[in-house]
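J.: Got a structure for you, questions after.
The values are calculated or read from the model by the stated rules, or taken from the named source; none is laboratory data. Small disclaimer: the values here were computed from a predicted structure and weren't measured. Please note: Cβ atoms are built from the backbone with ideal geometry, for glycine as well, and neighbour counts cover all protein chains shown.
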Amino acid sequence: MTRLLLVAWFVAPLVALALWAFADSWAAGSLLPDDWGRRGWDGAAGAGLWPALWRSAVLATVVMLLATPAGAMAARALVRVGTRLRAAAAALLLLPAVLPPLTVVLGVDVLLLRLQLPAAIGVVTILVVQALPYTTYVMYTTYLAHDVVYEEEARTLGASPARTLVRVHLPLVAPGLAAAAFLALLVAWSDYVVTVVVGGGLLVTLPVLVASNAGTGNEPVVAVLSLVAAVPPLALLVVLGLLGRRSRRQPVAAAIRPRPPVAAVRP
Amino acid sequence: MIRRHPGLLLLPALVPTLLLLGAAVVTLGLQSLGLMPLVGAPRLSADAFRSVTPDLANSVGLTLAIASAATALAAVVGLGTALLVTSSARSARVLGLAAAATVPIPHLVAAAAVGLLLADSGVLPRMLGLSAEQWPDLVAGPWWVAVVLEYAWKESAFVALVVGAALATRVARYDETAALLGAGRVHRLRHVTLPLAAPALLIASTISFVYVVGSYEVAWLLGRTYPEPLPVLAFRLFSSADLAARPEAAAVSVVTGLVAALVAVASLLLARWRQQVRA
């Protein structure tokens, strides 16, 4: 019973979204929509759903591509440097997660205007810094459990640094990298205040579109916009979950572990 | 080079963070103290803080009240979910999935969904067969119900994830040992499971609380226009046509950042104190 109530608590708002997204008309007294259809979808497309989806995807990808390697490098450094530098650097890198994004963005907006940078560069910079605490933290826990012996072995056997990075190091930390990249993607995908303040309303991402349509009283359109914004992170989560399950069954380390010499297995 | 100085690898993350946060803090400080006005001559004064003080007291109280209510609810529901998911392996998987699916939904989208559910024309009054007049003002009403519920919904999933992860690796072994030694269910919950969950619960609740204190869009979308939580007040002053309101927006932002930082530090001290008491 408790379990059922809790499941209802988690899915109820999503059910509301799904119902409204396909309701053509829904009279005040009815339990379910009277007419199902795609009026909401046509309305959302007219409001600019597809270009906004594209902009959100590009923004999130760019932030992910910058914040993931930077966080990974910082994390790799954190496990190697002395304790004093580690404590100071870790505190600084976690700070953007404590300071409210709105506070940061209201602070730097004047400067960004004076520097006359394109708005997109300002948005990306701020979101990368917002994402860094998460990518750094995830990669830090990854590197704590990471064994450099495999890399040293590869170098001893004559692999170049680049080859060692691509063939040994990256495959070993791949699960951590995937989680870090997902979180960075999520930070940028979910952002509203940074995009709307620095973008000045010209950079219309999905959340900006949801906000400008919410409260207009056109429920099906709001529901469709929200649904389209909610589905990609969920789909990615499912993909990551499936990939994670497969890699647990076939650990990467097993693939690069030195095989026994052929002579030894011959009868 | 990097082999000898691994600290160099910190730079791609550290430099933008330092520049951005430094710029934000310095600008907010100067603006709020009247040293960086958009119009007129710079003059050191506390006018901005003074002129927002009447609103500020209300806003700080409201912000803390919303954050406390939402975090308390999220902690209870999240902890309950984590306990159920970790205790019964198979049958609770649906619950685990439902909670996990809630985490990556953007807050603004979640707020829109809660609006569609709880407004007087929303899905819930329709399902209960109530008319708009019979339905209480949950959205934009005097008690900020929809705002609190939105945060509680999203953050309870987050709490469940963090606490569940902390419990998953360790609780089964200790729980079995305690059971073998003859501890009953209530005793095991009180003396084994809850102490194991407590550190993760404190961290997750702190993160949620700090997030709610600094977050704008949910209260703006689902709340009423007066009084305003700190971020909503700051953003309204910032986007006001009156350029003289910019220092006031900066002053409110400074206070918002301070409240968030104070809560984080207090929770850190609490965690350290707990550790010392146990040691």
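J.: Do we have any residue at all in the stretch A:28-49 that's within 22 Å of the chain's Cα centre (by Cα), within 12 Å of chain B (Cβ to nearest Cβ) and at pLDDT 95 or above?
T.: No, because not a single residue in the stretch A:28-49 is within 22 Å of the chain's Cα centre (by Cα), within 12 Å of chain B (Cβ to nearest Cβ) and at pLDDT 95 or above.
J.: With the checklist (1) modelled with pLDDT of 95 or more; (2) more than 10 Å from every other protein chain (Cβ to nearest Cβ); (3) touching a Gly at 6+ places or on another chain (Cβ under 9 Å) in hand, flag the one item residue A:75 doesn't pass.
T.: For residue A:75, the exception is condition (2).
J.: Among the residues of the stretch A:154-167, are any surrounded by 17 or more Cβ atoms within 10 Å (Cβ to Cβ), out of contact with any Cys (no Cβ under 8 Å at 6 or more places or on another chain) and within 10 Å of chain B (Cβ to nearest Cβ)?
T.: Checked against the condition, which is being surrounded by 17 or more Cβ atoms within 10 Å (Cβ to Cβ), out of contact with any Cys (no Cβ under 8 Å at 6 or more places or on another chain) and within 10 Å of chain B (Cβ to nearest Cβ), the stretch A:154-167 yields no hits at all.
J.: Suppose we filter the stretch B:215-234 for residues that are farther than 20 Å from residue A:216 by Cβ and either within 10 Å of chain A (Cβ to nearest Cβ) or free of Cβ contacts under 8 Å to residues at least 12 places away in the same chain (or both); how many remain?
T.: 5
J.: Shifting gears a bit: Does residue B:39 satisfy the condition of being part of a helix (DSSP H, G or I), of a type in the set (Val, Ile, Thr) and within 13 Å of chain A (Cβ to nearest Cβ)?
T.: Taking the combined requirement at face value, the residue does not satisfy it.
J.: Taking the options A:60, A:119, name whichever one is under 20 Å from the mean Cα position of the chain (by Cα) and under 26 Å from residue B:109 (Cα atoms).
T.: Checking each option against the conditions leaves just A:60.
J.: Give just the number: which of (1) in a helix (DSSP H, G or I); (2) among the hydroxyl-bearing types (Ser, Thr, Tyr); (3) surrounded by fewer than 24 Cβ atoms within 10 Å (Cβ to Cβ) does residue B:225 not satisfy?
T.: Residue B:225 satisfies all of (1) in a helix (DSSP H, G or I); (2) among the hydroxyl-bearing types (Ser, Thr, Tyr); (3) surrounded by fewer than 24 Cβ atoms within 10 Å (Cβ to Cβ) except (1).
J.: Scan the stretch B:158-174 and report the pairs whose first residue is under 14 Å from residue B:96 (Cβ atoms) and acidic (Asp, Glu) and whose second residue is exposed (fewer than 13 other Cβ atoms within 10 Å of the Cβ) and modelled with pLDDT under 80, with Cβ atoms within less than 9 Å and a gap of 6+ or a chain change.
T.: Filtered contacts from the stretch B:158-174: no entries.
J.: Examine the stretch A:24-41 for a residue that is of a type in the set (Gly, Ala, Ser) and closer than 22 Å to residue A:233 by Cβ, and state whether such a residue exists.
T.: yes
J.: For a quick check of your reading of the model, give me the residue pairs whose first member lies in the stretch A:15-44 and is in a loop (DSSP other than H, G, I, E, B), whose second is among the hydroxyl-bearing types (Ser, Thr, Tyr), with beta-carbon atoms closer than 6 Å and at least 6 apart or on different chains.
T.: These pairs meet every condition: A:34/A:25.
J.: Taking the stretch B:252-279, which residues are buried (at least 24 other Cβ atoms within 10 Å of the Cβ) and either away from chain A (no Cβ under 11 Å) or of a type in the set (S, T, N, Q) (or both)?
T.: Correct list: B:253, B:256.
J.: Ok, one more. Just to check your reading of the model, which residue among A:133, A:69 is surrounded by 23 or more Cβ atoms within 10 Å (Cβ to Cβ), touching a Pro at 6+ places or on another chain (Cβ under 9 Å) and at pLDDT 95 or above?
T.: A:133
J.: Which residues, taken from the stretch B:169-219, are surrounded by fewer than 22 Cβ atoms within 10 Å (Cβ to Cβ), not in a helix (DSSP H, G or I) and not aliphatic (A, V, I, L, M)?
T.: B:182, B:184
J.: Looking at the stretch A:218-248 only, could you name the residues that are over 25 Å from the mean Cα position of the chain (by Cα) and either modelled with pLDDT under 90 or loosely packed, with under 15 Cβ neighbours inside 10 Å (or both)?
T.: Within the stretch A:218-248, just A:218 meets the criteria.
J.: Still on this structure: Among residues belonging to the stretch A:180-195 that are touching a Phe, Trp or Tyr at 6+ places or on another chain (Cβ under 9 Å) and aliphatic (A, V, I, L, M), point out the one that is surrounded by the fewest Cβ atoms within 10 Å (Cβ to Cβ).
T.: Across the stretch A:180-195, the extreme among qualifying residues is A:183.
J.: Can you tell me which residue in the stretch B:72-99 is farthest from residue A:226 (Cα to Cα), limited to those that are facing chain A (nearest Cβ under 7 Å), aliphatic (A, V, I, L, M) and within 23 Å of the chain's Cα centre (by Cα)?
T.: B:77
J.: Within the stretch A:25-42, can you find the residues that are loosely packed, with under 12 Cβ neighbours inside 10 Å and touching a Leu at 6+ places or on another chain (Cβ under 9 Å)?
T.: A:32 - this is the single residue of the stretch A:25-42 that is loosely packed, with under 12 Cβ neighbours inside 10 Å and touching a Leu at 6+ places or on another chain (Cβ under 9 Å).
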